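For reference, the structure is listed below as structure tokens.
A short reminder: the numbers here are calculations on the coordinates, not readings from a lab. Just so it is clear, the structure is predicted and the values come from calculations on it, not from any experiment. So basically every Cβ, Gly included, is an ideal-geometry build from the backbone, and we count neighbours across all protein chains shown.
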Amino acid sequence: MTNNSFNEKFEEIYKQSAQAISIAPGRVNLIGEFTDYNNGFVLPCALEFATRILYKKREDNKVVVHSLHYPGEHDEFSIDGDITPGESQWGNYIRAVAFVFKRQGHQLCGLDLLIDSNVPQGSGLSSSAALEVSMGGIFNQACQLNLSGQAIALLGQEAENDFMDCQCGIMDQLVSANGKKGHALLMDCRSLETQSVSIPEDLSIVIVNSNYPRKLVDSEYNQRRIDCEEAASKMSVSSLRDATLDNLNAARSIMTDNEYKRAHHVITENHRVLNAVEALKNNNMKTLRELMTASHQSLKNDFEVTVPETDGLVQICQEALGTQGAVRMTGGGFGGAIVCLCRHDDIAKIKEAVEAQYHARFNIHASIYVGKAGDGLQVSEL
Ligand code: ADP
Ligand code: MG
């Protein structure tokens, strides 16, 4: 929707004009999977798909929110007193952000809000982080809190962890807050230091969602976390970030097979992230391909979070691109999406191959998104 008609929608609902707009993007992780909660490295980029929220401060202490995605449903709550979950599933994300800002002692104000987004929901591009960061940007601006992007990201993560009961790491919110157009963001998940890494002009980012319904994800996800913690403790390090392959092999006899394999993935994946940064800087497709292929194999064999559908999609896209592309699964696994880096001219090859083969093999349709690395959070007065 254009800015003009978005504004008109706001006026139609609230009978007055919005004063500012907050924009925060979804993301894709290029490499570094399941390394975040092991204090390691990740390399996501913010996308041009983004969640935009128009707002106007209110005279009273109410927050009223509508979303163009959920017409006919709205949420409203007071920022006085306790903020608790309401009836609206999506409205709870706004309550969650208000809750954590308030818990941190920030003075909030009443707001009229209208959400629009072209981040597909539940497709692995993190529409939830885009929503949290965009909302955090509004409280920051409207209530003059002077918070950094990193502080807003941490509050977004707390909102998701403590109010929405989803134990995600910091990656999604931090890249949504601090991403930079044309760049990926190398993130050290221990120090939260980031470094922008330029993505070569001629590289496209293609995301293919398997649309495989994710099942049993929470218990499997939690078990992997426990295995990683156990493996670290058996190597006497505080997190797998500090373990080497030598440590791992020395401790092999006291580890279960699963602990060994999970730790092997994390230790090797951290190396791959740092090598991928160099390969991106040098526009070295051969090395990127090797690293992303190795990442996928490690996620399949060591971390065991792929499914035949995502393995199949990776294979289809690898075959379509040959030496001219780098492909792997991305995100939390057990379904979800894959990411391909390729030259612009080769995007059509991915589309053709996926359309010709994926449904025939797995009886589900995939969704394809061609993304560009976009900017992180931006709030501007209108
Ligand atoms: P994702 O992988 O996209 O982050 P989640 O399940 O974590 O998937 O988050 C999706 C949820 O975020 C939606 O169910 C909805 O509650 C909320 N959400 C995302 N985008 C919007 C939007 N444009 N308007 C309202 N709610 C949204
Ligand atoms: Mg999410």
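Here's the picture: a label point sits 7 Å out from the Cα of residue 19 along the beta-carbon direction, and within the stretch 140-163 the residues with their amide nitrogen under 19 Å of it are 140-147.
Give the calculated FRET efficiency between residue 274 and residue 301 to the nearest 0.05, with a Förster radius of 30 Å applied to their Cβ-Cβ distance. After rounding, the FRET efficiency stands at 0.90. Kindly flag which residue pairs out of 180/286; 15/56; 180/372 have an alpha-carbon separation exceeding 18 Å in this structure. From 180/286; 15/56; 180/372, over 18 Å: 180/286. Here's the picture: a label point sits 7 Å out from the Cα of residue 254 along the beta-carbon direction, and within the stretch 218-245 the residues with their amide nitrogen under 19 Å of it are 226-245. For the stretch 279-316 versus the stretch 34-112, the spacing of their alpha-carbon centroids is 34 Å. Under conditions of 10 °C and 1.306 mPa s, the stretch 203-371 yields 94 µm² s⁻¹ as its translational diffusion coefficient, taking Rh as the Kirkwood radius over Cα pairs in the Stokes-Einstein equation. Specify whether the C-alpha gyration tensor of the stretch 332-382 places it in the rounded, prolate or oblate class, a ≥ b ≥ c being the square roots of the eigenvalues: rounded for a/c under 1.5, otherwise prolate if a/b is larger than b/c and oblate if not. Prolate, because a/c is 1.5 or more and a/b exceeds b/c. Counting only residues at least eight positions apart within a chain, or on another chain, the aspartates and glutamates with an alpha carbon under 14 Å from that of residue 102 are 80, 82, 158, 162. For the chain, the fraction of C-alpha pairs more than 36 angstrom apart is 25%.
Compute the FRET efficiency between residue 1 and residue 87 as 1/(1 + (r/R0)^6), taking r as their Cβ-Cβ distance and R0 = 25 Å, and round to the nearest 0.05. That gives a FRET efficiency of 0.45. With the simple spin-label model, which puts each label point 7 Å out from Cα in the Cβ direction, the residue 345 to residue 107 separation comes to 6.1 nm. Length available on full extension from residue 352 to residue 323: 0.36 nm per residue minus the Cα-Cα distance, which gives 8.7 nm. Measure nothing but the geometry: give the 0 to 90° angle between the long axis through the Cα atoms of 91-103 and the longest principal axis through the Cα atoms of the chain, rounded to 10°. Taking Cα atoms only, the helix is inclined about 90 degrees. About its Cα centre, the dipole of the stretch 106-172 is roughly 160 debye, where the only charges are +1 on Lys and Arg Cβ and -1 on Asp and Glu Cβ. Counting only DSSP H runs of at least 4 residues, each contributing -39500 (n - 2.57), and dividing by the residue count of the chain, the helix-based mean residue ellipticity at 222 nm comes to -13000 deg cm²/dmol. The listed peptides 20-30, 101-111, 145-155, ordered by packing as a protection proxy, come out as 20-30, 145-155, 101-111 (highest mean of other Cβ atoms within 10 Å first). Taking 7 Å steps out from each Cα toward its Cβ at residue 364 and residue 70 produces label points 2.4 nm apart.
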